[in-house]
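Read through the structure below, which is laid out as structure tokens, and then see the notes.
The values are calculated or read from the model by the stated rules, or taken from the named source; none is laboratory data. Fair warning: this is a prediction, and the values are worked out from it, not measured in the lab. Cβ: placed from backbone, ideal geometry, glycine included. Neighbour counts: every protein chain shown. We work out accessible area using only protein heavy atoms, side chains counted, and drop any ligands, DNA or RNA first. Shrake-Rupley method; radii C 1.70, N 1.55, O 1.52, S 1.80 Å.
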Amino acid sequence: MPLTFLGQTATPAAPAAPVVAAPAVVAPAPAAPAAAAPVIVAVPVATPAPGLLDADKVGPVLLRDETVAQVLELLQRWTGKTVLRPQALPANLYTLSLPAAATRAEALLAIETLLSLNGVAVIQQGDKFLKVVPNLTAKAESPSLITASTLAMAPSGRVASKIFTLKHANGQEVVQQIAGMLNTTLATPPVFFSRNNAVLVTDSITNLQKIETLFTQLDKPQLDSIVTKIYSLKNAMAVDLVNKLTALLRTPAAAGAAPFRLSTGTSFTADERTNRVILMGSADQHEFFDKLIDQLDANSDPNTKTDVVFLRHANAAEVATLVTQLITGQTSAATRAGNKTTAGAARAATPVPTPAAPGTAAPGTAAAGSQQNGADEFSNMVTVIPDVRSNSVVVSGTKSDLRLLHELIDKVDIVLPQVRIEVVIAEITLTDNDQNGFTALGLTVTNGKLTGASGAVAGGAVAGLNNSPQAGLAPNGTLTGLISLNTTPRKNDTKILSVPAVTTTHNKEATLFVGESRPVITGSTTASTTGQVTSTVSQRDIGIQLKVLPLIGKDGSVQLQVSQSVEDILGTTLLDGNEQPIIGRRTTDSYVSAMSGEIVVLGGLQRRQVTKQTNRLGPIPIIGDIFGSSKDTDTRTELVIFLRPVVLNSSAVDNLDALSRVDASPMKEDVRKVIDRPTPPFAPVQK
């Protein structure tokens, strides 16, 4: 399409010379006198217009899908310089509209910018020539090097190079920052000269002006905006405060720190000698640091304190062990939970591994072990030590730790429930018709508890009970009075061996023993020279041993773990010439549950003994034994143990049994004088 050029009036130019190489270069034609009105003139070959100034008007201009050759003809005409071009340029079509008021400088800026947008660079070649090449080869075509400021030049898309020497800014950082601001079609990234701290940039005049303006603002000394301020600390340590500031202000936001940044060049340093903090940075930040450092330098209690917790009921060593185990378990659980949370957060922030690396592990952030995560959690600064002498616990930790320790120990340091266990141990001689001691006494035992009795038995009587499971279980009165076992010298069918009573607390074992201690040979040695035998003797308890471990419930129920052991002498034997007893042993373990005041009956420890009786005839022992009559007697005996647990509730009822025993003794008056004496008031231990 022909070029339409509106504006300057000209006489017909002389025929153009034939094209030999690149676009033809023609001699300038004399300027034509101005016409009264603009006419449309077709310019097949551009003719430079001499004496055309930047302020001269060249519009209007209208291009519609013109070739690059037509655009270059305009460039040649307005600049008055010869355009040198290669044969091949990007084959794009150009469209441009300029108003009538457009000046030469504006038209050149538009033309050069339009060429740059279409991948064509204009390079100055001396005073008379312009070289036009594709952008990709512009750098290799040695564009003109501008040594003066580009800010005084007319903006245009003409390609040139300029060296920017920096005085304060880091050139290597600048190269990375301006790379995205340059014309990417030129394929000419900036070049950094480390020795001179300079940057070589090749781009259009317009972009070079933008880069120069940017460097003018950035290439300034930082000290122009940095003010130093010194904070003298009264309470905090300078090193600790700087570490705290670093954690608050320097930690990346991804790690949970504040989502803001300090001004460039801000620094804070600790001066340990004078315990001061030196702040360097913009004065705009001083108010922020004034308030923050004032708060951090406030007077506060020490991080940890030590206290002594005196116990009233519990054992110091047991309480210290319990609390230590709780703290250790809590710390371990918190650590495991922290690791899982950190790993989960890392997985959420890390891209899914590619199939080529399925085992890629996500980096995690270590949690601070010294932090206290909740109001009911201990820190890792807690120490618990028992003092057995004063029955107290020495604790150390933060204020929150001490509060939690006091609350916990107060809940543990309570009076445990107590129980009085009355015991009656009876030995029953069984007949052939008796299956066990229960049937011999006519007792009704259900689930190990006495629920009824016939009321009349051989050699004794069980009073105060009937066949109702709920009857006769009154907690008052002695156990022997309730069961009323009375032996008869004639039959001797029932014999009470012991009537002990013990008092113990919840989960504390009580032990009863009825019997004797005998010397027993446990070993012997023979002298190698004399052959003399020396025996080792120790005392052996032989009798009835009863161990009871109670677990007391809040409703008055008592679970009893009862271990019975009965040892008796069955005969004798010679050991190293010494007569030693043959000891029979019967043991059993029982687990029963009863309410306070109920009677528990334990049996089953039977013993069988065969004795021989001889009826002599005459006074001669041998003849009488030979001709007299004799018989073997098979005797079965069984131990029956009656237990009655009574839960004590710190009331006057707890002492009724003991007082009844005192009143029945001949020392009643003397004992009453002591126990009826007023108790002095309790003086609490001063903490």
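Of all accessible surface on the range 144-209 at a 1.4 Å probe, what whole percent is carbon and sulfur?
54 percent
Mind listing the phi-derived Karplus ³J(HN,Hα) values for the range 154-159, rounded to whole Hz, using 6.51, -1.76 and 1.60 with θ = phi - 60°, and x for any glycine or proline?
Calculated HN-Hα couplings, in order: 6, x, 6, x, 4, 8 Hz.
Explain nothing, just compute: Karplus ³J(HN,Hα) = 6.51 cos²θ - 1.76 cosθ + 1.60, θ = phi - 60°, for every residue of the range 496-510 in order, whole Hz, x for Gly and Pro.
Per-residue couplings from phi come out as 7, 8, 7, 10, x, 8, 10, 10, 9, 9, 4, 6, 10, 6, 10 Hz.
Could you give the nm distance between label points at Q87 and T321, where each point is 7 Å from its Cα heading toward the beta carbon?
10.3 nm
Which order, highest average first, do 91-104, 380-393 follow once you tally other Cβ atoms within 10 Å for each residue and take the mean per peptide?
380-393, 91-104
Test of understanding: what is the full-extension gain from A55 to T446, defined as 0.36 nm times their sequence separation minus their Cα-Cα distance?
The A55-T446 span can extend by a further 128.2 nm.
Could you give the nm distance between label points at D555 and T274, where each point is 7 Å from its Cα heading toward the beta carbon?
In this crude spin-label approximation the distance works out to 7.7 nm.
What distance in nm lies between label points placed 7 Å from Cα along the C-beta direction at D127 and N380?
Using points 7 Å along Cα→Cβ, the separation is 8.0 nm.
Stretch A198-D387 to full length: gain in nm at 0.36 nm per residue minus the Cα-Cα span?
60.6 nm
Can you bin the range 527-597 into rounded, prolate or oblate? Criterion: square roots of the alpha carbon gyration tensor eigenvalues sorted a ≥ b ≥ c, rounded for a/c under 1.5, prolate for a/b above b/c, oblate for the rest.
Because a/c hits 1.5 or more and a/b exceeds b/c, the range 527-597 counts as prolate.
If R₀ is 45 angstrom, what is the calculated FRET efficiency for the pair L574 and V499, using the beta carbon separation as r and rounding to 0.05?
0.75
Dipole of the range 150-249, Cα-centred, from +1 at each Lys and Arg C-beta and -1 at each Asp and Glu C-beta, to the nearest 20 debye?
Using Cβ point charges on Lys, Arg, Asp and Glu, the range 150-249 gives about 160 debye.
Averaged per residue, what accessible surface does the range 95-241 expose to a 1.4 Å probe, in Å²?
Value for the range 95-241: 52 Å² per residue.
What FRET efficiency, computed as 1/(1 + (r/R0)^6) with R0 = 41 Å and r the Cβ-Cβ distance, is obtained for R607 and A527, rounded to the nearest 0.05?
Taking R0 as 41 Å, the efficiency between R607 and A527 is 0.50.
Going down the list K449/K547; K305/K411; K234/K399, which pairs span over 20 Å between their C-alpha atoms?
K305/K411; K234/K399
Mind listing the phi-derived Karplus ³J(HN,Hα) values for the range 304-316, rounded to whole Hz, using 6.51, -1.76 and 1.60 with θ = phi - 60°, and x for any glycine or proline?
10, 9, 10, 9, 10, 10, 7, 9, 9, 10, 7, 8, 4
Can you give the local net charge around S498? Use residues other than it whose beta-carbon is closer than 13 angstrom to its beta-carbon, Lys and Arg +1, Asp and Glu -1.
-2
Quick one: order K210, K291 from most to least accessible surface, probe 1.4 Å.
K291, K210
Across every pair of different alpha-carbon atoms, what Kirkwood hydrodynamic radius in Å does the range 122-184 reach?
Hydrodynamic radius (Kirkwood, Cα pairs) of the range 122-184 is 13.6 Å.
Ordering D290, D401, D555 by how much accessible area each has at a 1.4 Å probe, largest first, what is the list?
Descending order: D555, D290, D401.
Largest first, what is the accessible-area ranking of K449, K128, K167 with a 1.4 Å probe?
Largest accessible area first, the residues go K167, K128, K449.
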